[in-house]
Amino acid sequence: MELKITCIPGDGIGPEIVAEAKKILDTVAEKYGHTMNYTDILMGGASIDAYGVPLTDEAIETARNADAVLMGSIGGNTSTSPWYKLPPNLRPEAGLLAIRKALNLFANLRPAVLYEELAGACPLKEEISAAGFDMMIMRELTGGLYFGERRTVEENGVMKAIDTLTYDENEIRRIAVKGFDIAMKRRKKVTSVDKANVLDSSRLWRKVVEEVAKDYPEVTLEHMLVDNCAMQLVRDPAQFDVILTENMFGDILSDEASMVTGSIGMLASASLNDSKFGLYEPSHGSAPDIAGQDIANPIATILSASMMLRYSFDLDKEADAIDAAVRQVLKDGYRTVDIMSEGCTRVGCRQMGDLLAERIR
Ligand code: IPM
Ligand code: MG
């Protein structure tokens, strides 16, 4: 296959981890007879520095014309970086929201897996972590509070800010269908998370999800209120297979789930539209404090590249080879500093990439 991939190295550790993901993709391409064509675009702080805006129209067009997008991370230190003195619509994160909306990436997949080799990093009690867990958070990504009308006004000398949470049934249906499709390839359970005891948008969410569920008789559907879900994630994470939820709840719950694994440097994500096109990025941020020191963990980005092969290109064998290399490298005792434990060998970002490439070859 010949693949056209747009890369967004971004800010902070982004360029280092994307370089290692390209190394792995090239290794896979060589072994399985594919050709990778990369085009880099700027987004976030890097784009602000070059063009004064976090994402240009040209960059969006380049991404649109690719087969898939691979991203590192964007943004800087919010209290010290000059990027955060800019108005909100010109800050690094605005670039990320703009590309999600422009490319219609409404389905965000965030796996949270407890790797056997890293079970010690899980902050939960051993009686809970012993069961292991492997869940997929399906977050709606282009609706809800993030994209509703917002404004700040002054009324009779009192400042007032308004954010609106809107979902129509079509927006809910398309993410629900994706959620159930993914559940069919997993353990066939969907937990739909909402706040239906308070919000109208959640009541509509629940109704539409129930309609969609009728087309998937093999999948077990349960509903859970978001506050309860936050508790259940630390009480019994093994109960979850697919968690299906709206944008804001998904933002918060996916951070919680990743923290519960204890190894956010290992977690990938995919943002898909209704065809096979997707943007793939690690779940972690740009870690500006450790940028340029060759100590970042590239595995989350490498696993994002694996998701890209699987979900955008149906290259399951190639994706399996990457996932197996990651497990093997952990078994062999190699660790970047964020997942280091006693008796293991500490390696840097580049060396981790090399070790993985060796195992794929
Ligand atoms: C994420 C991030 C973004 C979000 C920020 C950077 C706008 O937290 O991808 O989860 O809230 O969606
Ligand atoms: Mg977030």
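Alpha-carbon geometry of segment 151-223: the Rg and the Dmax are 16.9, 57 Å, given in that order.
Tell me which trypsin sites (Lys or Arg not before Pro) from segment 106-162 have a DSSP coil assignment and no more than 11 other beta carbons within 10 Å of their own. The partial results should precede the final answer.
On the way: sites: 125, 139, 150, 151, 160; in loops: 125.
Taking segment 106-162 and a limit of 11 other Cβ atoms within 10 Å, the loop trypsin sites (Lys or Arg not before Pro) found are 125.
In units of the compact-protein estimate 2.2 N^0.38 Å, segment 240-299 shows a Cα radius of gyration of 1.30. Counted over all Cα-Cα pairs of the chain, pairs farther apart than 36 Å make up 20 percent. Carbon and sulfur: what percent of the chain's accessible surface (1.4 Å probe)? Here carbon and sulfur together make up 50 percent of the probe-accessible area.
Ranked by the mean number of other Cβ atoms within 10 Å of their residues, highest first, the peptides 299-305, 209-215 fall in the order 299-305, 209-215. Listed by chain and number, the lysines placed with their C-alpha closer than 19 angstrom to that of residue 189 are 178, 207, 214; residues fewer than eight positions away on the same chain are left out. Taking the DSSP beta bridges with both ends in the chain, the antiparallel portion is around 40 percent.
Near residue 16: Cβ cut-off under 13 Å, other residues only, Lys/Arg at +1 and Asp/Glu at -1. The net charge is 0. Above 24 Å, the calculated P(r) of segment 123-261 contains 34 percent of its Cα-Cα pairs. Think of segment 123-261 as a dipole: +1 on every Lys or Arg Cβ, -1 on every Asp or Glu Cβ, centred on the Cα centre; then among 144, 172, 213, 213 lies furthest on the positive end.
Could you rank the peptides 193-201, 337-345 by their average count of other C-beta atoms within 10 Å per residue, with the highest value first? Can you show the working numbers first?
Details: 193-201: 17.6, 337-345: 13.1.
The packing order, highest mean first, is 193-201, 337-345.
Roughly how many Å² is the accessible area per residue of the chain, as a whole number, for a 1.4 Å probe?
Numbers: 15730 Å² over 361 residues.
Spelled out: the 1.4 Å probe surface of the chain, per residue, equals 44 Å².
For residue 187, neighbours were defined as the other residues whose beta-carbon sits under 10 Å from its Cβ, and their charges (Lys and Arg +1, Asp and Glu -1) total +2.
Would you kindly give the portion of the calculated P(r) for segment 207-361 that falls above 22 Å, as a percent of all Cα pairs?
Numbers: 6346 of 11935 pairs.
Result: 53 percent of Cα pairs exceed 22 Å.
Helical content of the chain, expressed as a calculated mean residue ellipticity at 222 nm, amounts to -12500 deg cm²/dmol (DSSP H runs of 4 or more residues, -39,500 (n - 2.57) each, divided by residue number, nearest 500).
The values are calculated or read from the model by the stated rules, or taken from the named source; none is laboratory data. Bear in mind that the values here come from a model prediction, so they are computed numbers and not experimental data. Because the Cβ atoms are built from the backbone with ideal geometry, glycine has one as well, and the counts that use them run over all protein chains shown. We work out accessible area using only protein heavy atoms, side chains counted, and drop any ligands, DNA or RNA first. Shrake-Rupley method; radii C 1.70, N 1.55, O 1.52, S 1.80 Å.
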